[in-house]
Amino acid sequence: ASGKVTFFSRSKKRLWMKGETSGNHLDLVDIRSDCDNDTLLVTVRPHGPTCHTGSSSCFSAAPGNFLGALDALIKQREHDRPLNSYTTKLFEKGARHIAQKVGEEGVETALAGVVQRDDELLGESADLLFHLIVLLRARGLSLDDAVAVLEDRHAKAAEKAAS
């Protein structure tokens, strides 16, 4: 009813809402059962780290985990502004400069997709993703915010297809 993910805690012997003490709650996006109805797959939008260790996930090999960790690192770099950091230099030059870098990397990625080898396409794609995350952070947004837009579009397309 709250839209927040709640578990039964064996150690606490009660229902427990993730984030009730840390504030790092999970907004429910979707919940599905497997073919035997004995396992649930819960898709969430996390608010902060999801693991008690402070990691973005309790599963180090979870899909998308590295991008989430990179987003968190960029957020930290924006806050701390370490010396000799390329990310710090980008933030100090401002959103307009970062947006220009995203444009450059987008063009380079498109060109690599047409005329270069796969390894060059992957390298340019990585550069584009990095600079895009920096731009989102420079504007007070996150990668999760962009993913939420994609999830919303996907849900609307699925609803339209079902009707």
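The values are calculated or read from the model by the stated rules, or taken from the named source; none is laboratory data. The shown structure was predicted, so the numbers you read here are calculated from the model rather than taken from an experiment. A quick note on method: Cβ atoms are made from the backbone with ideal geometry, for glycine too, and the neighbour counts reach across all protein chains shown. Heads up: the accessible areas ignore ligands, DNA and RNA and are worked out on the full protein's heavy atoms, side chains in. Shrake-Rupley method; radii C 1.70, N 1.55, O 1.52, S 1.80 Å.
Side notes on the structure shown:
- Residue that is modelled with the lowest pLDDT [pool: residues in segment 33-68 that are of a type in the set (Ser, Thr, Tyr) and either open to solvent by less than 100 Å² (accessible area, probe 1.4 Å) or touching a helix residue (DSSP H, G or I) at 6+ places or on another chain (Cβ under 8 Å) (or both)]: Ser56
- Residue pairs whose Cβ atoms lie under 8 Å apart, separated by 6 or more positions or on different chains, with the first residue in segment 2-23 and in the same structural domain as Cys51 (by the TED database) and open to solvent by 60 Å² or more (accessible area, probe 1.4 Å) and the second among the basic types (Lys, Arg) and not in a loop (DSSP other than H, G, I, E, B), are Phe8/Arg14; Met17/Lys4.
- Unique residue being open to solvent by 40 Å² or more (accessible area, probe 1.4 Å), under 30 Å from Ala126 (Cα atoms) and assigned by the TED database to the domain that holds Ala155 when the list is Asp30, Asp80, Asp71: Asp80
- Residue check for Glu108: crowded, with 18+ Cβ neighbours inside 10 Å and either of a type in the set (Asp, Glu) or touching a Leu at 6+ places or on another chain (Cβ under 8 Å) (or both): yes
- Leading residue by the ranking (modelled with the lowest pLDDT) among those in segment 128-150 that are open to solvent by 60 Å² or more (accessible area, probe 1.4 Å) and charged (D, E, K, R): Asp144
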